[in-house]
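Q: This is the structure, below, for whatever I ask next.
All of the numbers you see were taken from the coordinates with simple rules; none came from a lab. Just so we're clear, the structure is a prediction, and the values are computed from it rather than from any experiment. Glycine gets a Cβ as well: all are built from the backbone with ideal geometry, and neighbour counts include every protein chain shown.
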Amino acid sequence: MSRNTDSWKRELKIGAVIRRSPGVTRWARETWKPVAVIPGAPEAFWNELVRDGEVVDYHAGTVAMELFRADVEGYLVSLNMAVPSVWVILDRDQSGRSPSGWVVSAVTASAHEALDSLDSGESIVEAVPIPESLAAWIKEFIDMHYVEEPFKKRRRDEISVDGSEDGKGDARIRQESDVFRAPANQKTPRVH
């Protein structure tokens, strides 16, 4: 019996739009923040899109966003956020070619994958609003693969909780009095 596994994965080229804004402190001359994505974008590397005074939007890069059947719950979380979002992940530019010092390493629809990248502390991870066409594409994939598991209440083991408490403490240790006494009550003054 052969299973068709082609539908278990889906891929689309996504461009990331990064905004450069003037910094708000003397230590940060400028800030770089992902603000949008472009579904089906061509290859690009820091192409200027829009300039409004000192604020500039760049098409910073295009990466393949992959959807996997095993991650549908993470996609569902992203689509059910107050503002449905995808996540842009930026890592340090090792080549030194980027004007920001960062490169687009991934765009993901999985909130779980974004959280994993955020845990490293090495990446910039930012949620950006998802275009409706991309949301529909992701939703179609979720509908094909998501199976809601019914809630199963656990049953406790049948044990008796109304019995007496025989043998408090360890039976191997000799008890001279109440096992719940304060340790200070058993000290005797030392004579030198």
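Q: How long is the gain from MET144 to LEU12 if the chain were fully straight, where each residue apart is worth 0.36 nm and the alpha carbon distance is subtracted?
A: 45.8 nm
Q: Same structure, new question: Taking square-rooted eigenvalues a ≥ b ≥ c of the alpha carbon gyration tensor, is region 8-145 rounded, prolate or oblate, where a/c under 1.5 means rounded and, failing that, a/b exceeding b/c means prolate?
A: Judged from the Cα gyration tensor, region 8-145 comes out prolate (a/c at least 1.5, a/b above b/c).
Q: Separate question: With label points built 7 Å along Cα→Cβ from the Cα atoms of ASP116 and ARG92, find their separation and express it in nm.
A: According to this spin-label approximation, the distance is 2.2 nm.
Q: Sort 100-113, 56-69, 132-145, 13-26 by packing, meaning the average of other beta carbons within 10 Å per residue, with the highest value first.
A: My ranking of the peptides, most packed first, is 100-113, 56-69, 13-26, 132-145.
Q: Once fully extended, how much extra length lies between GLU43 and ALA28, figured as 0.36 nm per residue of separation less the alpha-carbon to alpha-carbon distance?
A: Taking 0.36 nm per residue and subtracting the Cα distance, the gain is 2.5 nm.
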